[in-house]
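In what follows, a structure is listed as structure tokens, so that the remarks can point back to it.
Throughout, read-outs are computed from the coordinates displayed, never taken from laboratory work. This one's a predicted model, so the numbers in the text were calculated from it and none came from an experiment. Cβ coordinates were reconstructed from backbone atoms using ideal geometry, including for glycine residues, and neighbour counts include every protein chain displayed.
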Amino acid sequence: MIKTIIKSIFAIIVIVGIMFLLAYSETHYNRTGFVKYNGDNVYTFKDETGHMWDFYSNTIIPINAHIQADFFTNNTFDNIYDDMIINYKIIGYTDEITIDF
């Protein structure tokens, strides 16, 4: 009896965990691009397809840093411009190219 209850609880935990992982992967994604400093700790991120987003950062990001930004979709799949940058990672620098925004 107790083994059956424990197995049932374990199965429920596994199912809920799988549902959480699927929901997370549906609403979070990555893009790579470059940043431009706008003042007051506000940066503009421009991805490789030309889309741009503004975000706030307490840390100084070098000009023309190549970053990988983690996005949250706000659950609106038809409009990418309301997506939010929730985290970023500097993956490289470019000195020879000036990024036009």
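Couple of notes before you dig in:
- LYS89/ALA11 FRET efficiency (R0 35 Å; Cβ-Cβ; nearest 0.05): 0.45
- Nearest-ten-degree value, helix 2-27 long axis tilted from longest Cα axis of the chain: 20 degrees
- As a ratio to 2.2 N^0.38 Å, the alpha-carbon radius of gyration for the range 30-93 is 1.05.
- Relative contact order (percent, whole number), the chain, Cα cutoff 8 Å, 6+ residue spacing: 23 percent
- Here the sum of -39500 (n - 2.57) over DSSP H runs of 4 or more residues, divided by the residues of the chain, equals -9000 deg cm²/dmol at 222 nm, to the nearest 500.
- Cα→Cβ-extended label distance, 7 Å offset, between THR59 and THR4, nm: 5.4 nm
- Over the range 1-66, the fraction of Cα-Cα pairs per 5 Å bin, rounded to whole percents and listed from the shortest bin up, is 3, 14, 15, 12, 9, 8, 8, 7, 6, 6, 6, 4, 1.
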